[in-house]
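Readers should treat all values here as calculations from the given coordinates under stated rules, not as data from a laboratory. What you see is a predicted model, and the numbers here were worked out from it, not measured in a lab. Positions of Cβ are generated from backbone atoms using ideal geometry, with glycine treated the same way; all protein chains shown enter the neighbour counts.
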Amino acid sequence: MKGVLLVNLGSPDSPQPKDVKKYLGEFLMDERVIDVPKFLRTLLVKGIILNTRPKKSAKAYQKIWWDEGSPLIVLSERLQKKVKDLTSVPVALAMRYGKPSIKQGLQELSDLGVTETLLIPLYPQHAMATTETILVLAEALRKEFFPSMEFTNLPAFYNHPDYVRVLANSIQNHLKDKEWEHLLFSYHGIPERHIRKTDITKSHCKIDGHCCQTKSPAHEFCYRHQCYETTRKVADYLELKEGTYSSSFQSRLAGDKWLQPYTDTTVEDFAKKGTKNMAIVTPAFISDCLETLEEIGMEAAEDFKEKGGEQFHVVPCLNTDPEWVKVLSRWIDEWATQPVS
């Protein structure tokens, strides 16, 4: 029997500092998130970050928390329900960090008799700290607790025509009655060394302005290339004029060189240079979350206006967009109806 596990990032159980601290501890101690030797990671996370950041992050979560709970969890549950209604196989939901865990999701499927699972990380682009950490943990859990279960992974879908169409239409629909001069595609940032670590050629990814445009096997796992390709394909689909759109990277930790340009400085620069009406979309996320609702919808919007901008239009994530639900459900059914090889 076949089944599907949708996996998203996760969220604290509540926006209170103690729960945020617990969540951040699990998240930041992941060796694929902060990829330094364990003793350094422990010193950094438990010795510094967890003593300073939870209170600040809790205040941010409190700004965006819904009556039903964490927006990311609620939106993921809504997506699961809608997809489940349209597909012919069981669909479970899990989070890489927090609850429900990947083990819980796999157990739910196993209890239903599922022996072949399609893992769907809810990230369009591949990255060490998102897709890879999900697949690695799932495989470890499979070996230990579900040895008779087989896995198939949905590949990164950043350039899939269905995804490009759905994302482009969502942008168009949300901006159709609004004036905007520039559309910024803001992706979650990662350290540059993650790009080099995922380079299967060990030589292509130089982050020099040319490698992402030069065809290479490295692109299968190159987050930077995949982000720029998402922007390029959506811009082509929407027939956007050169100079009216660009890409940037949001969220970063101090001390490392992260992908640039940074979203916060980019937004401020546009305002300083006279852009009055700006639009922004966050295609690294399927579900709206702290990074989209607070960091972009509140902080970036405020910064833009403080520096002279007027209108800052935030395009929501795909969430439960009907077109997206249909596409995801169709992908699942196409996999589920494939003959056993």
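Annotations
- Relative contact order of region 161-314, taken over Cα pairs closer than 8 Å and 6 or more residues apart, is 33 percent.
- Shape parameters for region 206-293, alpha-carbon atoms, Rg then Dmax in Å: 14.3, 41
- When both bridge partners sit in region 161-314, DSSP labels roughly 5% of those beta bridges antiparallel.
- Legend: ranking of residues Asp199, Asp269 from fewest to most surrounding C-beta atoms inside 10 Å; resulting order Asp269, Asp199.
- Cβ-based net charge around His219, under 10 Å, with every Lys or Arg adding one and every Asp or Glu removing one: -1
- √(5λ) per eigenvalue of the Cα gyration tensor, region 161-314, largest first, Å: 26, 19, 14
- Protection proxy ranking of 221-233, 156-168, by the mean of other Cβ atoms within 10 Å over each peptide's residues and highest first, is 221-233, 156-168.
- Surrounding net charge for Trp335, when Lys and Arg each add one and Asp and Glu each subtract one, Cβ distance under 12 Å: -1
- Length available on full extension from Lys38 to Asp111: 0.36 nm per residue minus the Cα-Cα distance, which gives 22.7 nm.
- Comparing Thr320, Thr201, Thr130 in a Gaussian network model of the chain (Cα springs below 10 Å), the most mobile by mean-square fluctuation is Thr201.
- Debye-sum result for region 69-189 in log10 I(q)/I(0), which assumes one identical scatterer on each alpha carbon, at q = 0.16 Å⁻¹: -0.92
- Spatial separation of Cα centroids for region 26-54 and region 205-233, in angstrom: 29 Å
- Most fluctuating residue given options Pro37, Pro121, Pro71, as computed from a GNM of the chain linking Cα atoms under 10 Å: Pro37
- Centre-to-centre separation between the Cα atoms of region 276-313 and those of region 55-95: 21 Å.
- Surrounding net charge for Phe304, when Lys and Arg each add one and Asp and Glu each subtract one, Cβ distance under 9 Å: -3
- A crude spin-label estimate for the pair Gln16 and Tyr237, with each label 7 Å from Cα along the Cβ direction, gives 4.3 nm.
- Here the residues Thr42, Thr133, ranked from fewest to most Cβ neighbours within 10 Å of their Cβ, fall in the order Thr42, Thr133.
- When you restrict to C-alpha pairs under 8 Å that are six or more residues apart and normalise by the size of the chain, the relative contact order lands at 22 percent.
- Viscosity 0.890 mPa s, temperature 25 °C, Stokes-Einstein D of the chain from Kirkwood C-alpha radius, µm²/s: 117 µm²/s
- Tensor-based shape of region 1-94 (alpha-carbon gyration tensor, a/c under 1.5 rounded, otherwise prolate or oblate): oblate
- Lys143-Ser246 FRET efficiency (beta carbon distance; Förster radius 41 Å; 0.05 resolution): 0.40
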